[in-house]
1. Name the residues in the range 28-41 that are closer than 18 Å to residue 15 by Cβ and assigned to a loop (DSSP other than H, G, I, E, B), would you?
2. Which of the residues spanning the range 56-81 are modelled with pLDDT of 95 or more and not hydrophobic (A, V, I, L, M, F, W, C)?
3. Let me confirm something: among 6, 39, which residue is under 20 Å from residue 110 (Cα atoms) and either β-branched (Val, Ile, Thr) or open to solvent by 90 Å² or more (accessible area, probe 1.4 Å) (or both)?
4. Among residues belonging to the range 42-89 that are in a helix (DSSP H, G or I) and small (Gly, Ala, Ser), point out the one that is surrounded by the most Cβ atoms within 10 Å (Cβ to Cβ).
5. Run residue 124 past the list (1) open to solvent by 60 Å² or more (accessible area, probe 1.4 Å); (2) part of a loop (DSSP other than H, G, I, E, B); (3) of a type in the set (A, V, I, L, M); (4) free of Cβ contacts under 8 Å to residues at least 12 places away in the same chain and report the number of the one that doesn't hold.
Amino acid sequence: MIDNCKLKLMFEKRLEFINMMKELIPDSYPEFPLDISQKSSQQVCRDLALKGVEEMFEALQHLKNWKPHRQTDLSTEQFNHDEFLEEIVDAFNYFFAMLIITGFNEDDLFDAFLMKDSIIRERLKNGY
């Protein structure tokens, strides 16, 4: 089994940040874990998810070589790998926050990942 200590650290860092936000900016995060069957809790999750999606769109804005009508490719020097990765990290931070405030942890995410990975591999084998 893979050691998930890095994933655990990521969750811990995000939780520390959430707690810091709550202390410095009251009402920035609700009390948690949330009851995700409640309308207000679902709105908080939607807001966090949309912020994560927005960050992914910011990452996508760095991708310029996908345009089929473009006659020239941008060079490696013209692509800012660090900014691209930073936007993806921003997105992950919102998604981690959503997991944390809904009561999930790194083990839950890891187990769900493995389960879904098994499902999609089986689908691929069976011509899904």
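The values are calculated or read from the model by the stated rules, or taken from the named source; none is laboratory data. Predicted model only: the values in this text are computed from it and were never measured. Quick reminder, even Gly has a Cβ in these numbers, built from the backbone with ideal geometry, and neighbours come from all protein chains shown. Note: areas computed on protein heavy atoms with side chains; ligands, DNA, RNA excluded. Shrake-Rupley method; radii C 1.70, N 1.55, O 1.52, S 1.80 Å.
1. If we filter the range 28-41 for residues that are closer than 18 Å to residue 15 by Cβ, which is where we start, we get 28-34, 36, 41.
Scanning the range 28-41 gives 28, 29, 30, 31, 32, 33, 34, 36.
2. Within the range 56-81, 58 is the sole residue that qualifies.
3. On the way: 39 fails: under 20 Å from residue 110 (Cα atoms).
Every option except 6 fails the conditions.
4. Taking the range 42-89 and keeping what is in a helix (DSSP H, G or I), we get 42-60, 76-78, 81-89.
Subset that is small (Gly, Ala, Ser): 49, 52, 59.
Numbers: 49: 15, 52: 19, 59: 17.
Per the criteria, the residue is 52.
5. Single failed check for residue 124: (2).
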